[in-house]
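Working notes, beginning with the structure itself.
The values are calculated or read from the model by the stated rules, or taken from the named source; none is laboratory data. The model shown is predicted, which means the values in this text are computed figures rather than measured ones. Cβ coordinates were reconstructed from backbone atoms using ideal geometry, including for glycine residues, and neighbour counts include every protein chain displayed.
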Amino acid sequence: MAKYFFCGIGGVGMNPLAFILKEQGNEIIGSDRSYKKNYGIYKTIDDANIKVFPQDGSGIDESVDFFIVSTAVEEDNLDYQKALKLGIKIIKRPELLATLINESPKSIAVGGTSGKTTTTGMIGHMLNILNNNPLVINGGIMTNYNQTYLNGNGISVAEADESNGTIELYEPTYSLISNISLDHKSLEELLELFTNFIKKTEKKCVLNADCKFSFGLINDENKDKVVTFGIENDLADFNAYSIKLGAQSSGFSLKGVDFTINMAGIHNIYNALSAVAVLNINGYELESIANALRSFKGIKRRMEFIGSFNEIDVIDDFAHNPDKIANAINSVKPYCEGRLITIFQPHGFAPTRLMKDGYIESFVSTLSKNDIVIMPEIYYAGGQVVRDISAKDLTSEIEKSGIKSYFFENRADILAVLKEIAKPKDKIMVMGARDNSLNEFAKEILEFMEN
């Protein structure tokens, strides 16, 4: 067994790997610049008796065998520099994850620009219910288990991230491509990444036949490896029909079997359909899959209902690119008796620069003139960045469409304005990624409204 130091251990992608390695008998320590803030993940680190140090190099000495680093940590980080100085083997978090998956006898890697976390959770949960005892490493907290991972010895299931190109590290037995749309990279880069993803898949790749970009990946070389799912494309191998959408649940039929999910939105129908396809080609009967799917409770920060006060609902969602924002709004909007007040915190100056027009269009095309958009300043995670864009650039353009928009340099100032403008029957939806405190902020909104 070995001693691992996790730099950025509080990250949602880092801590499941730390816990899995610890449960396998390794010694785990780490550091995190946000440690001791009141987030649930830090309590789980404490409960696991994992010692966490300041990010000043003090936790690293010659006894450390492997230095695991998050992609959010820069090379000038003091821990990183100390590991270099001592000659400790440095492993990037995606490399460690890919190694765990690639070394498994049977694996499923879930890719796509939207829906990966929910779909990974669905697949992992259903395999668990169906007694496969899977190893699941997810990018979000699975509500059924209140954690991001399951440490089994069955099929390995992981979310494969294309945003930093590390999807290229995977060589899975089976793969899934939920969809492809503009996110952190250009479409040309994404298409190349996903083409290689199919090529590196050993057996079958399940992809979305209703998404023109993913469907367009099929060629003479890979057509026998591809299995398709869809709703609109009748030629899809797994073609859903009799779609039912509700405020808190949805349903569909597939090959004579009815499926129900405890989630709203057409995008979650697609997520469930793709998960069903993956399990079916792995030998599970559709009736058994349908029974297992019914008990899936979703993912934290994916349409998470925080609470209600004076008939004002507060919802928290991870939506952070144009497609995800539009899907989130479209899932909630039909059930709004009053206005929809969206609070969106963009993450990263480079992604905001890349997706500026898409962000604006996602709000303008889905909201009504009486709805409201609120944005705090762009979330800054650290490092050297060019700050040549602001969330104010987005709200100014949205305002021109006739939708009332507010920009706040300090997020805390939003609370007082919300209390002033929110009315009974309104829904408040917090959206954004990367920033672990957004869920706490949604809870803070509800608490502030109540007092």
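A few notes on this one:
- Segment 261-314, residues that are surrounded by 24 or more Cβ atoms within 10 Å (Cβ to Cβ), outside the structural domain of Tyr241 (by TED's automatic domain parsing) and touching a Lys or Arg at 6+ places or on another chain (Cβ under 9 Å): Val314
- Qualifying residue in segment 345-362 (condition: assigned to a loop (DSSP other than H, G, I, E, B), crowded, with 22+ Cβ neighbours inside 10 Å and either at pLDDT below 95 or of a type outside the set (Ser, Thr, Tyr) (or both)): yes
Let's see how each residue does on (1) outside the structural domain of Asp426 (by TED's automatic domain parsing); (2) part of a loop (DSSP other than H, G, I, E, B); (3) touching a residue at least 40 places away in the same chain (Cβ under 8 Å):
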{"position": "Lys324", "(1), (2), (3)": "no, no, yes"}
{"position": "Ile329", "(1), (2), (3)": "no, no, yes"}
{"position": "Gly338", "(1), (2), (3)": "no, yes, yes"}
{"position": "Ser365", "(1), (2), (3)": "no, no, no"}
{"position": "Leu394", "(1), (2), (3)": "no, no, yes"}
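- Residue list for segment 88-106, filter: of a type in the set (Val, Ile, Thr), crowded, with 16+ Cβ neighbours inside 10 Å and closer than 16 Å to Glu202 by Cα: Ile101
- For Gly402, the conditions (1) outside any helix (DSSP H, G or I); (2) without any contact (Cβ under 8 Å) to a residue 40 or more places away in the chain; (3) out of contact with any helix residue (DSSP H, G or I) (no Cβ under 6 Å at 6 or more places or on another chain); (4) buried (at least 20 other Cβ atoms within 10 Å of the Cβ) are fulfilled apart from (4).
- Segment 107-148, subset under 11 Å from the mean Cα position of the chain (by Cα) and at positive phi, residue surrounded by the most Cβ atoms within 10 Å (Cβ to Cβ): Gly112
- Filter pass, Ala264 being at pLDDT 95 or above and of a type in the set (A, V, I, L, M, F, W, C): no
- Entry remark, segment 104-146: residues being of a type in the set (Val, Ile, Thr) and outside any strand (DSSP E or B) number 8 in total.
- Single match in Phe238, Phe213, Phe197, Phe252 (criterion: of a type in the set (Phe, Trp, Tyr) and surrounded by fewer than 19 Cβ atoms within 10 Å (Cβ to Cβ)): Phe213
- In the condition set (1) under 30 Å from Gly13 (Cα atoms); (2) loosely packed, with under 14 Cβ neighbours inside 10 Å, Pro424 is compliant with all but (1).
- Among the candidates Ile90, Ile45, residue that is free of Cβ contacts under 8 Å to residues at least 60 places away in the same chain and within 22 Å of the chain's Cα centre (by Cα): Ile45
- Elements of type helices (runs of 4 or more DSSP H) contained in segment 1-94, each with 1 or more residues being closer than 23 Å to Asp161 by Cα and in contact with a helix residue (DSSP H, G or I) (Cβ under 9 Å, 6 or more places away or on another chain): 15-23, 40-47
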